Structures are given as C-alpha cells and as structure tokens.
Amino acid sequence: MPLRVTLLIIAGVLLSMAWFCMAYPSFFTRFYQVTAFPDSAHSHLLIILGTLLLVYAAGAIFAAMRPVRNNGIVLLLIVLHFALFVVDIVLLARGAALPLRYVLPEMLYVLLMCTLLIRYYPVRDHGEELRETADVLVQTFQDRLRKDRKDEEKTKRNAEPEKAEPETTQ
C-alpha cells in the first residue's frame, strides 16, 4: 500500500510538471525569474520534456495498479529520481545560477521519492511456490517409503518357508 501511494504521488507531480511544460512554457521564466522569454527552440524542448514526463507519469500509474507485475517500471522511476538528484548536485557544484531555495526542495523531493521506491520495491512472494514444491517433495518421499515397506514385506514373505499344515484324515 505505501508503494502505491508513493507511485500515485509521483504520477501527480509528473503530470503537473508535464502540464506546465506543454501548456505553459512561459511559467518557468516567471517561476525561475528569468528575464528572457524562451524562444521557439526552448519552447520546443520544454514540450518534449513535458511529453517525457507524461510518459513517466503513465508508467507510474500503471505500476501503481500492479506493482509486482510492473516492478521494471518502478526500477525505471528509481533511476529517474536518482539521476535527477545527481543532476542537481552537479549543477550546485558548478555554481548554477538557480538559487538554493529552488533547488533544495526539488532535491529533497527527489531523494525522498527515490528512498521510498527503494524501500517498498515490489518483490514476488515465492512462499506459495515453495509450499507447493515442499508438498510435492513430501508426497514423493512418503510414496517412496510406502513402496520400500511393501518391497520389504514381500521379501520377508518370500524368504520364510511356508509352514505346511498337517493333513487331517477323517
């Protein structure tokens, strides 16, 4: 259940970011207080980024529906969030123009989601398969024991001479 909630939160954040990238590319100029309005090339790149975020959001929704079956998508989301965290660290190390008040909340969010995805990573429960295998092995072993006992009894009967009953005359 915690994994599904985490995946739905991720899907919501990715959908909202995709919406802003595709529908309102000028939002980022106002949010990051950049004076120049993005030209058509930057708008095009933001729309492509929005499309990619939309695909990741769809993957998060699919993974939330069946986490164990779609654990590859969860792994992809772990890699995505870890890569975003590394990119933020590299940008800070290079002295990026973005103030820390914008980068730090993103870094905390990405690190938290990455940690939650790793913590609740879905694994298949092999317990039922192991129980079935153990039952088959026990049944096979018991059948073999029964067969061995029957063979021993046959051998004992064949080894003992038959006792002849005295004939009674009347």
Discussion item. Would you confirm, using the coordinates I've provided, whether Ala93 is at pLDDT below 90 and either more than 17 Å from Ile10 (Cβ to Cβ) or of a type outside the set (Val, Ile, Thr) (or both)?
Written reply: yes
Item to complete: Hey, can you tell me all the residues within the range 87-113 that are surrounded by 12 or more Cβ atoms within 10 Å (Cβ to Cβ) and farther than 30 Å from Pro2 by Cα?
Response: Leu91, Leu92, Ala96, Leu98
Worksheet entry | From the options Glu152, Glu106, residue that is within 30 Å of Val68 (Cα to Cα), modelled with pLDDT of 80 or more, assigned to a helix (DSSP H, G or I) and among the acidic types (Asp, Glu) | Glu106
Discussion item. Quick check on the range 72-90. Is at least one of its residues within 25 Å of Val123 (Cβ to Cβ) and in contact with a Pro (Cβ under 6 Å, 6 or more places away or on another chain)?
Written reply: no
Worksheet item: Can you spot a residue in the range 45-52 that is in contact (Cβ under 8 Å) with a residue 24 or more places away in the chain, among the hydroxyl-bearing types (Ser, Thr, Tyr) and within 23 Å of Pro122 (Cβ to Cβ)?
Response: no
Item to complete: Select from the range 59-69 the residues that are surrounded by fewer than 20 Cβ atoms within 10 Å (Cβ to Cβ) and touching a residue at least 12 places away in the same chain (Cβ under 8 Å) and write down the one among them that is nearest to the chain's Cα centre (by Cα).
Response: Val68
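If only one of His81, His44 is in a helix (DSSP H, G or I) and either among the hydrophobic types (A, V, I, L, M, F, W, C) or surrounded by 13 or more Cβ atoms within 10 Å (Cβ to Cβ) (or both), which one is it?
None of the other options fit; the residue is His81.
Take Val68 and decide whether it is touching a Pro at 6+ places or on another chain (Cβ under 9 Å), of a type in the set (Val, Ile, Thr) and at pLDDT 85 or above. Walk me through it before giving the result.
Working: touching a Pro at 6+ places or on another chain (Cβ under 9 Å): yes; of a type in the set (Val, Ile, Thr): yes; at pLDDT 85 or above: yes.
Here the answer is yes, as Val68 does meet what is asked.
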Worksheet item: Among the numbered criteria (1) without any contact (Cβ under 8 Å) to a residue 40 or more places away in the chain; (2) of a type in the set (Val, Ile, Thr); (3) closer than 26 Å to Arg124 by Cβ, which single criterion is violated by Val110?
Response: (3)
Discussion item. Against the condition over 17 Å from Thr6 (Cα atoms), of a type in the set (A, V, I, L, M) and either in contact (Cβ under 8 Å) with a residue 12 or more places away in the chain or assigned to a helix (DSSP H, G or I) (or both), how does Leu116 come out, does it pass?
Written reply: no
Worksheet item: Does any residue in the range 71-86 that is within 19 Å of Arg4 (Cα to Cα) and in contact (Cβ under 8 Å) with a residue 60 or more places away in the chain come within less than 9 Å, Cβ to Cβ, of a residue that is of a type outside the set (D, E, K, R) and not in a helix (DSSP H, G or I) six or more places away or on a different chain, and which pairs are these?
Response: Val74/Pro67; Val74/Tyr120; Val74/Tyr121; Val74/Pro122
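The values are calculated or read from the model by the stated rules, or taken from the named source; none is laboratory data. Predicted, not measured: the structure shown is a model, and the values here were computed from it. Virtual Cβ from ideal backbone geometry, glycine too; neighbours counted across all protein chains shown.
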